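K.L.:
Please read through the structure below; I'll follow up with questions.
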Amino acid sequence: MAGLQPDELPLMSSQSVADTADVAHGTLRGESRRHAGREAHRALAGGAVQVTVLGVPFRPLSAAALLAWMDSCIAEHRGAYVCAVNASSVVQCSSDPRFLQALKEADVNLPDGAPVAWAVSQLARRRQPRLAGPSVMLMMLGRAQARGYRVLLYGSTDQVVGLLQKKLEARYPGLAIVDAISPPFRPLTDSEDAELCDRIRRARPDIVFVGLGAPRQEMWMRAHRDALDAVLVGVGAAFDFHAGVVRRAPPLMQRLGLEWLYRLLQEPRRLWKRYATTLPVFVWRVSRQLASERIK
C-alpha cells in the first residue's frame, strides 16, 4: 500500500468537518450518530487497531467517535483522561520514563500535531485526522453546552483562567462552568493536593480541562484519574488561546499543518530550540520505525 505523505493530511476531511460541527452542538443525526457510536464502542472495546509511535500508543479515532466516547464515560460516571500529544512530547518521552508511562496509561492519546497524525496514519494504514487540543476543547465545550455537562477549568494563572471563564460563558450561553482553579506553579504538598481534590469533587464536574503544560498536566491526570469522577482532558496552550492572551494560527495554517510555524514566529526565543531539536529527531526516528515495520 502506498504511504500517505504529510501534506496529504488535512486537519480533517470535509465530511469530518460537517460531522464535527453537528456533534459539537449535540445534533449529530441518523447514520452519522450511529456510526460514531459504533466507532466509539469499537475503540473502547479494544477493537480499533492500536499503533505505537516511538513507544506512545494511539488508536485511530474520529472527532465524532471521541465525543461519543466522552458521552459514555460521563454516563457511566467513569474517570478517564485524554492527552493531546505532539511531536515534541513523543521525543521527550524517550528521555522521560514517567512522561511515557503517563501516556501509556492514558485512556485516549490524540495526535495533536500534523507530524503525529501523519505517523499514526502511516502505521494504522488509515487516515487519522489531526485532533489538536484547542480544537478538541471547543468541540467538547459545545457538547457540554448542548447536554448540560458540568465543566471545570484547572491550570494557568488566576488572570488567564478568570478571563477564560468569562469568554467561554459568553461564547457558550448556559454552559455550566462550576469552578476555575489556578494551582501554584510548584509541586503541591500532600495537604494542598488533597484540598484541591476535595474542591474539585465538591464541584461535581463531568469534564475537567487541564492546562498545566506537558508533561506536568499528563502526570497530574495520571495521578488523579481514579480520585476524580470526571473526564480529564489535557489541553496545554488552549487556555491562553481561548482566553485571547495568545493568538492561535489562522484556520488555513491549521489545515495545512503549519500551526507550529505560526507559534514559532510568535515566540521564537522560547520555541526555536524545542522545534529545532525535536522535529528533525521525530521525523528521523519515525522514518526508521516505518522502514523497520515494512521490512517485517
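What follows draws every value from the coordinates through simple rules; no lab data is involved. Remember, predicted model here, so these are calculated numbers, not experimental data. All Cβ positions, glycine included, derive from the backbone under ideal geometry; neighbour counts span all protein chains shown.
K.L.:
Between residue 166 and residue 265, what is the label-point separation in nm under the 7 Å Cα-to-beta-carbon projection?
P.N.:
3.0
K.L.:
Using the Cα gyration tensor of the stretch 66-121, with a ≥ b ≥ c the square roots of its eigenvalues, what is the shape: rounded (a/c below 1.5), prolate (a/b larger than b/c) or oblate (neither)?
P.N.:
Taking the square roots of the gyration eigenvalues as a ≥ b ≥ c, the stretch 66-121 is oblate.
K.L.:
While we're here: Which length gain, in nm to one decimal place, applies between residue 94 and residue 158 when the Cα-Cα distance is subtracted from 0.36 nm times their residue separation?
P.N.:
Result for the pair: 19.7 nm of gain on full extension.
K.L.:
Want the number for residue 146 to residue 277: 0.36 nm per residue separation, take away the alpha-carbon distance, what's left?
P.N.:
42.9 nm
K.L.:
What order, most packed first, do the peptides 50-60, 213-223, 274-284 have when packing is the mean number of other Cβ atoms within 10 Å of each residue? Please list the in-between numbers first.
P.N.:
Numbers: 50-60: 19.2, 213-223: 21.0, 274-284: 15.1.
Peptide ranking by packing, descending: 213-223, 50-60, 274-284.
K.L.:
Based on the alpha-carbon gyration tensor of the stretch 97-143 and its eigenvalue square roots a ≥ b ≥ c, which shape applies: rounded if a/c is under 1.5, prolate if not and a/b is larger than b/c, or oblate?
P.N.:
oblate
K.L.:
For the stretch 57-243, divide the Cα radius of gyration by the Kirkwood radius and give the resulting Rg/Rh value with two decimals.
P.N.:
0.94
K.L.:
Which order do the peptides 242-254, 154-166 come out in when sorted by mean C-beta neighbours inside 10 angstrom, highest first?
P.N.:
Peptide ranking by packing, descending: 154-166, 242-254.
K.L.:
With a ≥ b ≥ c the root eigenvalues of the C-alpha gyration tensor of the stretch 83-178, is it rounded (a/c under 1.5), prolate (a/b larger than b/c) or oblate?
P.N.:
prolate
K.L.:
Could you state the number of Å between the C-alpha centres of the stretch 202-250 and the stretch 258-296?
P.N.:
When both Cα centres are located, 24 Å separates them.
K.L.:
I need the calculated FRET efficiency for the pair residue 253 and residue 290, taking r as the beta carbon distance and R₀ as 25 Å, to the nearest 0.05. Mind dumping the intermediate values first?
P.N.:
Working: r = 26 Å, r/R0 = 1.05.
Calculated value: 0.45.
K.L.:
Determine, for each peptide in 82-95, 260-273, the mean count of other beta carbons within 10 angstrom over its residues, then list the peptides with the highest first.
P.N.:
The densest-packed peptide leads the list: 82-95, 260-273.
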